[in-house]
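The values are calculated or read from the model by the stated rules, or taken from the named source; none is laboratory data. This one's a predicted model, so the numbers in the text were calculated from it and none came from an experiment. Quick reminder, even Gly has a Cβ in these numbers, built from the backbone with ideal geometry, and neighbours come from all protein chains shown.
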């Protein structure tokens with residue numbers, strides 16, 4: 001009798017579904033990094049980047065994950081070609097020497113099975129600083145059109161552009177910047 005129970009238990013363990021980490025490729029058409037700052041105290045300016053790539057690893061059961069995002073700094077979009085060129089210059093993004101902005105997580109904090117914070121390193125203009133992106137929304141479900149597992153999130157952090165050697169015109173143009181990343185990713 002004990003052999004049957006042991007055999008049954010081992011059989012259940014070997015066939016149990018243990019979630020494994022899943023890798024998701026960032027969907028560049030539905031991923032939108034944006035940054036916002038005060039311009040001379042008159043208005044809040046909101047600009048974006050048009051090209052983003054990367055991977056997200058998510059393990060709901062183990063409550064672990066990782067995020068690796070690369071933003072093409074040359075894809076900055078202010079709505080004006082001349083201003084795009086201006087902020088790609090040496091005083092700001094200096095895209096000739098630093099064409100990419102990266103975020104690489106070092107840990108992901110969870111509340112239940114949902115991520116609530118991404119702790120990691122943000123690199124801009126050759127400077128790497130630790131940041132925490134607060135996850136303001138998260139969804140994991142089958143993509144209704146692609147019929148594949150997908151995840152999506154919005155995450156936000158505040159930073160100082162002077163910390164990344166981009167402080168020209170501060171304080172008139174605010175040193176404080178809000179970085180928001182809306183991301184969608186499809187399972188490999």
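Just checking, which of 100, 62 is within 30 Å of residue 187 (Cα to Cα) and touching a helix residue (DSSP H, G or I) at 6+ places or on another chain (Cβ under 7 Å)?
Going through 100, 62 in turn, just one is within 30 Å of residue 187 (Cα to Cα) and touching a helix residue (DSSP H, G or I) at 6+ places or on another chain (Cβ under 7 Å): 100.
Checking residue 63 against (1) under 13 Å from the mean Cα position of the chain (by Cα); (2) surrounded by 15 or more Cβ atoms within 10 Å (Cβ to Cβ); (3) under 21 Å from residue 136 (Cβ atoms), which test does it fail?
(1)
May I ask you to list the residues in region 141-169 that are in a strand (DSSP E or B) and either within 30 Å of residue 86 (Cβ to Cβ) or touching a residue at least 40 places away in the same chain (Cβ under 8 Å) (or both)?
The first filter runs over region 141-169 and keeps only residues in a strand (DSSP E or B), leaving 141-142, 149-160.
Hits for region 141-169 are 149, 150, 151, 152, 154, 155, 156, 157, 158, 159, 160.
Applying the selection to region 138-174, what residues are touching a helix residue (DSSP H, G or I) at 6+ places or on another chain (Cβ under 8 Å) and surrounded by fewer than 17 Cβ atoms within 10 Å (Cβ to Cβ)?
Of region 138-174, the ones touching a helix residue (DSSP H, G or I) at 6+ places or on another chain (Cβ under 8 Å) are 152, 167, 170.
Result: 167, 170.
How many residues are closer than 15 Å to residue 26 by Cβ and free of Cβ contacts under 8 Å to residues at least 12 places away in the same chain if we restrict to region 116-140?
Matching residues across region 116-140 total 0.
Consider region 75-93. How many of its residues are free of Cβ contacts under 8 Å to residues at least 60 places away in the same chain and surrounded by 12 or more Cβ atoms within 10 Å (Cβ to Cβ)? Quick ask: steps written out before the conclusion?
Filtering region 75-93 for residues free of Cβ contacts under 8 Å to residues at least 60 places away in the same chain gives 75-90.
This time we only want the ones that are surrounded by 12 or more Cβ atoms within 10 Å (Cβ to Cβ), so: 75-78, 83-90.
Total meeting the criteria: 12.
If you scan region 107-137, which residues turn out to be surrounded by 14 or more Cβ atoms within 10 Å (Cβ to Cβ), at pLDDT below 95 and farther than 18 Å from residue 23 by Cβ?
Selection gives 114 alone.
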